[in-house]
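Just so it is clear, none of the values below were taken in a lab; they were calculated from the coordinates. No experiment lies behind these values; they were computed from the predicted model shown. Virtual Cβ from ideal backbone geometry, glycine too; neighbours counted across all protein chains shown.
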Amino acid sequence: MTVMEQRGAYRPTPPPAWQPRTDPAPLLPDAEPHRVLGTKAADRADTELLRTLYARLVRGRRYNAQATALTKQGRLAVYPSSTGQEACEIAAALVLEERDWLFPSYRDTLAVVSRGVDPVEALTLLRGDWHTGYDPYEHRVAPLSTPLATQLPHAVGLAHAARLKGDDVVALAMVGDGGTSEGDFHEALNFAAVWQAPVVFLVQNNGFAISVPLDKQTAAPSLAHKAVGYGMPGRLVDGNDAAAVHEVLSDAVRRARAGGGPTLVEAVTYRVDAHTNADDATRYRGDAEVETWRRHDPVELLERELTERGLLDEEAIRAAREDAETMAADLRARMNRDPELDPLDLFDHVYAEPTPQLREQRDQLRAELAAEAETGAATAAPEGGHR
Amino acid sequence: MTTVAVKPATMAQALTRALRDAMAADPGVHVLGEDVGTLGGVFRVTDGLAAEFGEDRCTDTPLAEAGILGTAVGMAMYGLRPVVEMQFDAFAYPAFEQVVSHVTKMRNRTRGKMPLPLTIRIPYGGGIGGVEHHSDSSEAYYMATPGLHVVTPATVADAYGLLRASIASDDPVVFLEPKRLYWSKDTWNPEEPAPVEPVGRAVVRRSGRSATLITYGPSLAVCMEAAEAARAEGWDLEVVDLRSLVPFDDETVCASVRRTGRAVVVHESGSFGGPGGEIAARVTERCFHHLEAPVLRVAGFDIPYPPPMLERHHLPGVDRILDAVGRLQWEAES
């Protein structure tokens, strides 16, 4: 056959028929954030759960106030407050079983504490006497992550590993609106969806990444819509409605546990305080906006609902506040004690066994400390039990 | 004495064998990366692992290095022992934040409660005619990051032994595989692999009295060749193979330099801010009174890695090494 004949015989193969890989419709978030409080859905709510949420919210609000006060007394180097976001913090901790894992970001010490970690240990990072003050395996809480969104792939890997081992474990990972712009957010959601890992991603959209508002962060219809591109459901919830957040997160956890894969939840909330005590929020937002959100306060929303339904009386409110004061007093008292510091700790745990070079550097510091102690210069330095 | 007939094996085969044996010995060892499953890796180092251990143990991941390493961190947090493959040196950079912020720090920030026993395999270095972004010597970045072990084999036997040791280590290890040695052959018996010793020890590959060549990975073979050629010049060179850049074996290196009194560090990485500067400083600090000449460096130039048709001018070769040896102030001796 000649070349021309071959050409004549050539019939282009039609491309394979295109099929959508996933129907996007069920993955799309609702048009409005899901609400329970002040709606008919509240009729069906578990009243015991609502009471528990209320007590936790009151305590959480007091925790934020106390931690902020500790920065003013010089007992914390810095505190990124979650005031106004307590519903998300509390619900994230409450929806998990003991065997599950929480992956917090630096603003989530309240969620960490709500999971059972000692507040003094949760605040170690922010006091500055060590990085992670708690044993992550004790309450299954990963270290607070300061680099944004970098903890999300960890949550995916851990949940995937648990699934490979046949363990019934769900990981809930927390991130802010700014963090959704990071590459690690994208990679974590993609891996989670491909692997169908039992993970719940909770985005607290609190309006600002330090000073930058959401409209400079993304052009997405909502952060929850981002889920669709990965092939996982996106859910939108009123982040100040504790009952709604609890419900949406519980559904997502249940779905993950049953093998249904990951969910992205966007909780629409507001950072009432500045980014940290070192930030000046008046440079980038007005009081009127803050006031609007203060009128949609998570503690007040729930208190009003419970009071109107006759589920909460003056006595119960007072009891919740007293409990919060007790927690605050204990935290204050313990944070007012100077932490024990040992500079030689710096060389422990860099490796399983210190390298010869680290042993040399440790000896150097030990000699410097001894010389300091001899000349009396140590009296000006913080107390420490030098080895 | 009986001698076992041993067929030559390539470094790639020894690495495959190390992964296979590690996976067989410990069900917690999981391999993950791009193309490591069905294809067996672009260098075929993971060949057959998915077939033998299943895709849950040897997993093709999405194409995202930060995601690969980040999920491996989570797997290690849950008690697994992941072995991650970065396809090429220069493709590992997206994962660098995970390396610096989490892999190297997790043990320290949790006071030892959460160690991360994971191995990051990275094919590195040039000499294979690779186009842009396929030939970087990235070891200095990893060396400068506390909390990592940085290991690189230069022989077929070490490829097996050091990879087994790295996977067994409870610390994170960056395991740098010299690309141009993947197909290098040596008589190595896979049925009787060399005993696995902990990482951190250098080894004297060639004894000599005149000067010490300090090298590692892809440059060892070049140094051995240079040492042979140096005999014609009347120099009897010692060659030290570092094997592990972190931890650094000051003891073996300095014992050699004290014997010979002269040293040249040889590597493909650039000299400015490269490993050679650290090594020269360490040797000078410890062996000053034994040195007859300054410690010299023969390194790649301080340029972005050259295109393949020019790379031979960049890579340290025998002549450049011999030139450096010639500059070690021999006049004083005569």
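Just a few scattered comments:
- For region B:120-142, there are no residues whose amide N sits under 12 Å from a probe point set 7 Å from the Cα of B:Met309 along the beta carbon direction.
- Where labels lie 7 Å past Cα in the beta-carbon direction, separation of A:Ala65 and A:Thr47 in nm: 2.8 nm
- P(r), alpha carbons of region B:201-330 - 5 Å bins starting at zero, rounded %: 2, 12, 23, 26, 21, 11, 5, 1, 0
- In terms of overall dimensions, chain A has a Cα radius of gyration and Dmax of 25.3, 101 angstrom.
- Pairwise centroid distance, computed over Cα atoms, of region A:37-116 with region A:152-217, Å: 19 Å
- Other residues within the sphere of radius under 12 Å centred on the Cβ of A:Pro136, judged by their own Cβ, net out at +3 (K and R +1, D and E -1).
- Contact order for chain A, expressed relative to its length and based on alpha carbon pairs under 8 Å spaced 6+ residues apart, stands at 21 percent.
- Of the DSSP H helices in chain A, those with a Cα length along their own long axis of 20 Å or more and a mean Kyte-Doolittle hydropathy reaching -0.5 comprise A:47-72, A:242-257.
- Summing Lys and Arg as +1 and Asp and Glu as -1 over all other residues whose Cβ lies under 12 Å from the Cβ of A:Thr39 gives a net charge of -3.
- Longest segment of chain A lacking GluC sites (Glu not before Pro) that sit in a DSSP loop with at most 13 other Cβ atoms within 10 Å: A:99-339
- C-alpha long axis of helix B:275-287 to longest principal axis of chain B, angle in °: 50 degrees
- Lysines with Cα under 18 Å of B:Lys113, excluding same-chain neighbours fewer than 8 positions away: B:Lys105
- Relative contact order computed over region A:240-306 (Cα-Cα under 8 Å; 6+ residues apart), in percent: 42 percent
- A simple spin-label model places pseudo-atoms 7 Å from Cα toward Cβ; at B:Asp236 and A:Trp293 they are separated by 7.8 nm.
- Each stretch of four or more DSSP H residues adds -39500 (n - 2.57); spread over every residue of chain A, this sum gives -13000 deg cm²/dmol at 222 nm.
- All aspartates and glutamates inside 13 Å of B:Lys185 as judged from Cα atoms, apart from same-chain residues fewer than 8 positions distant: B:Asp158
- Candidate cross-link partners of A:Lys40 among the aspartates and glutamates, defined by an alpha-carbon separation under 16 Å and a same-chain spacing of 8 or more, comprise A:Glu32, A:Asp238, A:Asp241, A:Glu247, A:Glu305, A:Glu308.
- Residue range of chain B that is longest and free of chymotrypsin sites (Phe, Trp or Tyr not before Pro) which are both DSSP loop and sparsely packed (at most 14 other C-beta within 10 Å): B:1-182
- The percentage of C-alpha pairs in chain B whose separation is greater than 32 Å is 29%.
- Other residues lying with their Cβ under 9 Å from the Cβ of B:Thr38 contribute a combined charge of -3, Lys and Arg counting +1, Asp and Glu -1.
- Point-charge dipole on Cβ atoms (K/R +1, D/E -1) for region B:203-333, about Cα centre, debye to 20: 160 debye
- Over the protein assembly as shown: Rg over Rh, Cα atoms, Kirkwood Rh: 1.05
- Degrees, to the nearest 10: B:156-168 long Cα axis against longest axis of chain B: 50 degrees
- Using a Förster distance of 60 Å, the FRET efficiency for B:Thr38-B:Asp302 (Cβ separation, nearest 0.05): 0.90
- Over the residues of chain B, the helix contribution to mean residue ellipticity at 222 nm works out to -9000 deg cm²/dmol, using -39500 (n - 2.57) for each DSSP H run of at least 4.
- Helix axis angle, B:220-230 relative to chain B longest principal axis, alpha carbon, degrees: 20 degrees
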